[in-house]
Amino acid sequence: MAEELLIAQSSKEEKYRVLLPQVKALCTGEPNLVANLANTASALKMTFDFFWIGFYLVENDELVLGPFQGPIACTRIAFGKGVCGSAWKQNETLVVPDVDAFPGHIACSSDSKSEIVVPIRKNGQIVAILDVDSAALNDFDQVDAIHLNELCEWLGTHCF
């Protein structure tokens, strides 16, 4: 079956409003986690054309690379290290306007300039991280945080 994504050609807010129900519909009924995360990363990439979009899955005391869209990425990130490990440790979404100014930033690519990292929880425990990077400084804001948190809450409840 062919899948199709309707992409809004308007504001960031409207793009999220159109995208999120489509991602939910795409994943609903599909039991495979990798398939759902891969399609979610692709849908975000197609809609916003961010530099890098992907998931890191919690395995013991590390985040391990999962499905993503973009250049080759860091494979493992320790708890509390870099933006992803810090979001995991702090149990909160982190919006970083300039990754070079973030203490301990792990530069998987020097082309990444700003980042948003959103924890995914199942039963209150972080099971994964959504990591989105941009090649532009200060590319993420409260609109991204609100809608990506909504997406990650849904993923944690319905896909993990």
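Against the condition assigned to a strand (DSSP E or B) and modelled with pLDDT of 95 or more, how does Val143 come out, does it pass?
For Val143, the condition - assigned to a strand (DSSP E or B) and modelled with pLDDT of 95 or more - is not met.
Can you work out which of the residues in region 50-90 that are of a type in the set (A, V, I, L, M) and touching a helix residue (DSSP H, G or I) at 6+ places or on another chain (Cβ under 9 Å) is surrounded by the fewest Cβ atoms within 10 Å (Cβ to Cβ)?
Ala78
For Gly66, work out the one condition from (1) assigned to a loop (DSSP other than H, G, I, E, B); (2) of a type outside the set (A, V, I, L, M); (3) more than 20 Å from Ser114 (Cα to Cα) it doesn't fulfil.
(1)
Quick check, is Gly66 at pLDDT 95 or above, at positive phi and either of a type in the set (Asp, Glu) or touching a strand residue (DSSP E or B) at 6+ places or on another chain (Cβ under 8 Å) (or both)?
Working: at pLDDT 95 or above: yes; at positive phi: no; either of a type in the set (Asp, Glu) or touching a strand residue (DSSP E or B) at 6+ places or on another chain (Cβ under 8 Å) (or both): yes.
Taking the combined requirement at face value, the residue does not satisfy it.
Which one is farthest from the chain's Cα centre (by Cα), of the residues in region 109-140 that are surrounded by 22 or more Cβ atoms within 10 Å (Cβ to Cβ) and assigned to a loop (DSSP other than H, G, I, E, B)?
This residue is Ser112.
Residues in region 149-157: is at least one in a strand (DSSP E or B), at pLDDT 95 or above and of a type in the set (Asp, Glu)? Lay out the reasoning, then the answer.
The initial filter retains those residues of region 149-157 that are in a strand (DSSP E or B), namely none.
No, every residue in region 149-157 fails to be in a strand (DSSP E or B), at pLDDT 95 or above and of a type in the set (Asp, Glu).
With respect to Glu92, determine if the residue is charged (D, E, K, R) and under 13 Å from Ile116 (Cβ atoms).
On the way: charged (D, E, K, R): yes; under 13 Å from Ile116 (Cβ atoms): yes.
It is true that Glu92 is charged (D, E, K, R) and under 13 Å from Ile116 (Cβ atoms).
Filter region 7-47 down to residues that are β-branched (Val, Ile, Thr) and outside any helix (DSSP H, G or I) and give me whichever is farthest from Asp141 (Cα to Cα).
Applying the first criterion (β-branched (Val, Ile, Thr)) to region 7-47 yields 7, 18, 23, 28, 34, 40, 47.
The next check asks that each one be outside any helix (DSSP H, G or I); those that pass are 7, 28.
Details: Ile7: 20, Thr28: 28 Å.
For region 7-47, the residue satisfying everything is Thr28.
The values are calculated or read from the model by the stated rules, or taken from the named source; none is laboratory data. What you see is a predicted model, and the numbers here were worked out from it, not measured in a lab. With ideal geometry, Cβ positions are generated from the backbone for all residues, glycine too; neighbour counts draw on all protein chains shown.
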